[in-house]
Amino acid sequence: MRTAFRIATALLWLGVAHAEGPGPRATGDLGIIVEREHGSLQLIETSGNSILAKISGLGDLSHASAVFSRDERFAYVFGRDGGLTKVDMLERKIVGRVVQSGNSIGGAISQDGSLVAVSNYTPGGVKVFDARTLELVADIPAEFAKGKLSKVVGLVDAPGNRFVFSLWDAGEIWVADLSTPAKPVVDKYLDIGRNPYDGIITPDGRYYIAGLFGDDGLALLDLWQPQNGVKRILPGYGKGEEKLPVYKMPHLEGWAMVGGHAYLPAVGRHEVLVVDMSSWQVVKRIPARGQPVFVVGQPSGRHVWVNFAFPDNQYIQVIDTLDQRIVKTLEPGKGVLHLEFEPRGGEVWVSVRDLDQIHVYDTASYERQSLIESRKPSGIFLTPRAHRIGL
Amino acid sequence: MPALSFFSKILPFLLVLSAGKSLADEARQQELRQLIKHDCGSCHGLTLQGGLGPSLTPERLKPFTPEQLAMTIVHGRPGTAMPPWRPFLSDAEAMWLAQGLKTGELP
């Protein structure tokens, strides 16, 4: 009996030691999972796939997203209720929080890591905060006509301490240069198309692309040659075809870009588009199980994983980029909201909202490696994002 | 909304007809609550304070009758991002949702 107790104690100790390691802890294998309905985060580690802590008190986290400080210690979480919360992942607690608007949608961190920007629906615009103190540094109302503010979507960071974003109501793309933080210089590109719903910047920081809900095609801005203005790409795509009703707007973040091709979600269609990134022409339309929401490239680039809008959100499909066809369909359960690859791509974390679970899959065998209880999980964010443009 | 005037005339009758079958099914009600919170909520906000779509609080819905709201749910709003939910809802269920929203019982 005593021996058994000793063994149990030893195992317990080993378990703790394995999870935590002796001495100071690094943050490169950490991440957070958003529990959207409960205003809380789960702090996770991806070496042993475990939950390290639970952090509560972040407000309304529906459609929440996060960025990381350049040292990967702090997470900045953007909540729907306008809350911007700074979380210390080593101390495992909230170290700063401001409710900076009535209704917000996302955010970004500047190239130098000193500024955090938040895009807001109400009042429409972008607010920029000191990443250290969360003090307001700049306010950029998205006023597109006298007294009229637009909802802002698709906010990303760009090289040169710039932020780029789109105006849903106005059909504009704005580039804000915050080299002098208190005096932002804003370049505006008008008439880029109706109702841009999200935007992305390519990982090299060159192209900003806004998806258009109200028009065919996408709007492309070459940030290396901004004087050329915004041009419409894929303008003829799907012309004359009836769009299906859209029950969930696609996300552009995480777009797979492999071998000169971009893989992106088609709005209102059960398709993933493959686009040649030199000519910006569609080279293939891959039929899929539903309307894609996230189309995310596995870090190796060999495979692209796709999740879907309601009513097909119980599925995930995997595309082989070698021959651009679907090679696997998984059915984790209803409400697959997000997927995040570990940085070297061996495993992928999937949130399954309606099951209150996180599934971790081996990307080679498609076998589920871990199942983690989580309350209505949505976004999953791992710290290597800290070092990537646009994330 | 001239295009919808035909529906607005007949929908109340349809709804009265189908309302006889009340939503006795607890499980289905639970599904509909889930739908409002998470699927409607993806545009209107989890707490229905609004997002890409307008807020759906009782205050904001005051000017509309339950019939009008049910019709909007079922048919969507052409020309906007609001899709028709017809494939997933009966008229009675749309009416139940509309009333729940107006009274604030939902989500």
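Can we say A:ALA4 is at pLDDT below 95, open to solvent by 50 Å² or more (accessible area, probe 1.4 Å) and over 22 Å from A:VAL352 (Cα atoms)? So A:ALA4 fits the description; yes. If you go through segment A:7-34, how many residues are modelled with pLDDT under 95 and either loosely packed, with under 11 Cβ neighbours inside 10 Å or not in a helix (DSSP H, G or I) (or both)? Count: 15. For segment A:325-379, a residue qualifies if it is within 14 Å of another protein chain (Cβ to nearest Cβ), assigned to a strand (DSSP E or B) and touching a Gly at 6+ places or on another chain (Cβ under 8 Å), and the qualifying residues are A:LEU337, A:HIS338, A:SER351, A:VAL352.
Assess whether A:GLY147 counts as being open to solvent by 60 Å² or more (accessible area, probe 1.4 Å) and away from every other protein chain (no Cβ under 14 Å). Criteria met by A:GLY147.
Within segment A:173-190, the residues that satisfy the criterion of being open to solvent by 20 Å² or more (accessible area, probe 1.4 Å) and part of a strand (DSSP E or B) are A:ASP177, A:VAL185, A:VAL186, A:ASP187, A:LYS188, A:TYR189. For segment A:115-152, give me each residue that is in contact (Cβ under 8 Å) with a residue 24 or more places away in the chain, in contact with a strand residue (DSSP E or B) (Cβ under 7 Å, 6 or more places away or on another chain) and not in a strand (DSSP E or B). A:PRO123, A:GLY124, A:ALA131, A:LEU134, A:ALA142, A:SER150, A:LYS151 - these are the residues of segment A:115-152 that are in contact (Cβ under 8 Å) with a residue 24 or more places away in the chain, in contact with a strand residue (DSSP E or B) (Cβ under 7 Å, 6 or more places away or on another chain) and not in a strand (DSSP E or B). For segment B:30-55, residues that are away from every other protein chain (no Cβ under 13 Å) and open to solvent by 20 Å² or more (accessible area, probe 1.4 Å) total 0.
Only one entry of A:GLY259, A:GLY268, A:GLY254, A:GLY217 meets the criterion of being exposed (fewer than 15 other Cβ atoms within 10 Å of the Cβ) and on the phi > 0 side of the Ramachandran plot, and that entry is A:GLY259.
The values are calculated or read from the model by the stated rules, or taken from the named source; none is laboratory data. None of these values were measured; they are calculated from a predicted model. Cβ sites come from the backbone with ideal geometry, for glycine too, and all protein chains shown count toward neighbours. To get the accessible areas, we keep the full protein, side chains included, count just its heavy atoms, and leave off ligands, DNA and RNA. Shrake-Rupley method; radii C 1.70, N 1.55, O 1.52, S 1.80 Å.
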